[in-house]
Amino acid sequence: MDPVVEVKAGEMRGQGRAGAWLLSLLFLFSSGVLSSSLFGLHMAGIPAGRAEAPEGGLIALIGRRPAFSFGFQNFLADLAWLQAVQVAGIRRMDKTDYDKLSLLVHTVNNFDPRFDVPYFLGGLVLGDSPDHVPQAVETLERGWKNHPMNWRFPFYLGYLRYFSLGDPVGGGRSIEAAARLPGSPSYLPLLAARMFSEGEKPETALAFLAAIMKQETDPARREILNRRIREVIVERDIQMLERAVEAYRKKTGALPPGPSALVREGLIKSLPAEPNGGTYLLSPDGTVRSSKMPDRLKVFRPR
């Protein structure tokens, strides 16, 4: 072998060994930084076993003091976000799942406050749990604070205030605030006005949901909105059927034997299809319920 070539090959092998040692040193340094972060958090008085951090582990612990991530913020934010998406994808979430999601979304945005998607996911999914509506509102308000010109934050706050808090006036004010921001849809002022004047009517709710669906692209959030649309349709149908039952009682002096009697008496043209695949049932007291949806939406109850 040419002596010059042999010398160059030896130099390359030496550089390769040096690179391997450098990678090993970097790995050890990274581990040491994370360990130091944990130690620093404990010294700062933040216990690792906080009850409100279910399965949050190391990531959630460091997320309370992002400065202790020492350059790993984006990496840790991605890990927390992957966990959050998995939790939000659970079909039947329980209280522990909602607690976990709230913690993970908060952790993601501690590391990266400019990452807007977790705010929306957390706001909608947490708002679906009556026990977690305050966290949902807080999540969207925090997102709006970090993205003050994004009209979607007050828009979704309007959704929460309308459906989760049963406050159509508060919802209308949020929609009104969204309408004043650049890039917002032209129909928002009319929607806000309708919420102010007809806030507790299912038709208004369906118009609101249709407006949201026009601009929503995320599959998880669309599924939540579709479920809410079906719930509102059920409430609209029940209100219509109960008005017909009352008209039947006034006309005949008795309650109808079943919903089909309303059609025979000419009070409705046909029985509406229950959107969840169930049927509408008439109770002995004259109230109507869905066989698939036992609870009615409180937002439409008279005050």
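The values are calculated or read from the model by the stated rules, or taken from the named source; none is laboratory data. Remember, predicted model here, so these are calculated numbers, not experimental data. Reconstructed Cβ throughout: ideal geometry from the backbone, glycine too, with neighbour counts over all protein chains shown.
Just a few scattered comments:
- Test: residue in the range 201-222 that is at negative phi, crowded, with 18+ Cβ neighbours inside 10 Å, among the aromatic types (Phe, Trp, Tyr) and modelled with pLDDT under 95: yes
- Residues being assigned to a helix (DSSP H, G or I) and among the small types (Gly, Ala, Ser) - total across the range 181-193: 2
- Cβ-Cβ distances below 8 Å connect the following pairs, each with a first residue in the range 144-167 that is closer than 17 Å to GLY199 by Cβ, a second residue that is among the polar types (S, T, N, Q) and surrounded by 24 or more Cβ atoms within 10 Å (Cβ to Cβ), and a separation of six or more residues or different chains: PRO154/SER174; PHE155/SER174; LEU157/SER174; GLY158/SER174; ARG161/SER174.
- Listing of helices (runs of 4 or more DSSP H) fully contained in the range 130-180 that carry 2 or more residues being farther than 14 Å from PHE208 by Cβ and out of contact with any helix residue (DSSP H, G or I) (no Cβ under 8 Å at 6 or more places or on another chain): 133-146
- Given (1) touching a helix residue (DSSP H, G or I) at 6+ places or on another chain (Cβ under 8 Å); (2) more than 24 Å from VAL85 (Cβ to Cβ), index of the condition MET213 fails: (2)
- LEU181 vs. criteria surrounded by fewer than 24 Cβ atoms within 10 Å (Cβ to Cβ), more than 26 Å from ARG114 (Cβ to Cβ) and among the aliphatic types (A, V, I, L, M): no
- Inter-residue pairs, beta-carbon under 6 Å, first under 20 Å from ALA254 (Cβ atoms) and modelled with pLDDT of 90 or more and in the range 280-296, second among the aliphatic types (A, V, I, L, M) and assigned to a loop (DSSP other than H, G, I, E, B), 6+ apart: GLY286/LEU255
- Residue count for the range 261-278, restricted to those that are of a type outside the set (D, E, K, R) and exposed (fewer than 13 other Cβ atoms within 10 Å of the Cβ): 4
- The range 108-124 residues that are surrounded by 21 or more Cβ atoms within 10 Å (Cβ to Cβ), paired with ones that are part of a helix (DSSP H, G or I) and among the hydroxyl-bearing types (Ser, Thr, Tyr) (beta carbon under 6 Å, 6 or more apart): TYR119/THR139; GLY122/THR139; GLY123/THR139; GLY123/TYR156
- Here no helices (runs of 4 or more DSSP H) wholly within the range 194-303 include at least 2 residues being within 27 Å of PHE155 (Cα to Cα) and touching a strand residue (DSSP E or B) at 6+ places or on another chain (Cβ under 6 Å).
- Scan of the range 139-194 for residues that are more than 22 Å from LEU103 (Cα to Cα), out of contact with any Pro (no Cβ under 7 Å at 6 or more places or on another chain) and among the small types (Gly, Ala, Ser), ordered by number: GLY158, GLY166, GLY170, GLY171, GLY172, GLY183, SER184, SER186, ALA192, ALA193
- Tally of residues being of a type outside the set (Lys, Arg) and farther than 16 Å from GLU216 by Cβ across the range 137-161: 9
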